[in-house]
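Take a look at the structure set out below.
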Amino acid sequence: MTQVRIGLIGIGLRSSIAKYWHQPDGESVVVAAADLSISRLKAFQEDINKETFITTNYKELLERQDVDAVVITTPDHLHEEHAIAAFRAGKHVYCEKPLAISVDGCDRILDEWEKTEKHLMIGFNMRYMNMFRTMKGIVDSGVIGDIKAVWVRHFVGLGGEYYYHDWHANSSNTNSLLLQKGSHDLDIIHWITGSYTKKVSAFGSLDFFGGEKDNNLTCPTCDQKHDCTEFSTTPLNQCAFRNEVDVEDNNMVIMELEGGIKASYLQCHFTPDYQRNYTFIGTKGRIENSEPDGKVYVKTRKSNTWHEYADQTYDIKTAEGSHGGADPVICQDFVNLVLHNKQPLTTPYAGRMSVAVGCAASESIRAGGKVVQVTQRVGSEKSQSTGIT
């Protein structure tokens, strides 16, 4: 194979990354797409490839012999069904995070993958952002010593627009936003520390969104649209205060990782600004990032080495492409995985473990903060062979 022929299942907002795969003169080309909306499919044809095969039945896509690999960008609760079907059809799979909305769902996907000779890659694009690759490099250099504490604050500005005007707001589709949104952050904690979470305790609630509005109410038809702070002018316009909304919008998670590392993760969906703030504290110093300033700060403890004489600031370079330049790189990594067996920055097991932590945290929240053990996967050499780094 010299060119990967790709089919997408799910043509929502995230399917915009298809443009990085459709390179007719390169190593990958988009040849098929499946979605329930024929209008979205036709728009996809116009935007990406006018010759794309389109269908409202994803099984027809999987039956095609001209599709080598499948990209899954459907709602979270459908990932398990679509990934398993793709492996059974003999396709390579790129699955957007989270891998599934339950640990058992993740393990069923991994079970099916392990029966094949195909590749599975998880869409953890934050591992490809310059900010976090820099932080990973600093930690791996040893300059801050052995990590003992991690503090992460996630300010989800426009949380209503992103998550409470559509299917994300119902736990039957997502389980919790600690999976859909938090899986990125939980994975970065695992990746940079080189350790997985063993147990969690968490508290959370629905403090702003949700309410008693009719489930069929939309922003354009609402008589309060001129006064509502969450009025949406986009196609995602279900009322953010409707009755069915039941996923927590304010979460605090405490974790203990392998090696005794203590970590905290705070996620709020009604903040006025958007940023992720990470702090890693080691035995020799600490690093902290500032997304608004595009910087990473390194501070070191007094010691008998040159490190005590100066702190250091890294100015993060900008990159072209969506998600801070991460999307074109992660798309190329999937192509390299399929064509050249080159391992990407992420692993299937990492995808499983971020879900495991999110599920454990959600269980803890809904049980009043009890300590919940994070389940490990036993006896799966293939899924764990590439490790956490």
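The values are calculated or read from the model by the stated rules, or taken from the named source; none is laboratory data. Since the structure is predicted, the reported quantities are computational estimates derived from the model, not experimental observations. Glycine also receives a Cβ, built like all others from the backbone with ideal geometry; neighbour counts cover every protein chain displayed. Surface areas here come from the heavy atoms of the whole protein model, side chains and all, with no ligands, DNA or RNA. Shrake-Rupley method; radii C 1.70, N 1.55, O 1.52, S 1.80 Å.
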| message | For the stretch 199-257, take every pair of Cα atoms, bin their distances at 5 Å starting from 0, and report each bin as a whole percent. | response | 4, 18, 21, 19, 13, 8, 7, 6, 3, 1
| message | Projecting each Cα onto the charge dipole of the stretch 152-214 (Lys/Arg +1, Asp/Glu -1 at the beta carbon, about the Cα centre), which of G159, N175, S201 comes out farthest on the positive side? | response | S201
| note | Averaged over all viewing directions, the convex hull of the alpha carbons in the stretch 15-168 casts a projected area in nm² of 12.4 nm²
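Mind checking the per residue accessible area of the stretch 238-389 for me, 1.4 Å probe, whole number of Å²?
48 Å²
Relative contact order (percent) for the stretch 55-192, with alpha-carbon contacts under 8 angstrom and 6 or more residues of separation?
Relative contact order comes out at 24 percent.
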| note | Carbon plus sulfur, as percent of the 1.4 Å-probe accessible area of the chain, comes to 50 percent
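Take S264, S39, S362 and sort them by solvent-accessible surface of the protein heavy atoms, 1.4 Å probe, largest at the top.
Putting S264, S39, S362 in descending order of accessible area: S39, S264, S362.
Suppose all protein chains stay in the model; what accessible area per residue would a 1.4 Å probe give for the stretch 99-159, in Å²?
Per-residue value: 36 Å².
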| remark: With T = 20 °C, eta = 1.002 mPa s and Kirkwood Rh from C-alpha pairs, the Stokes-Einstein D of the stretch 122-218 in µm²/s is about 134 µm²/s
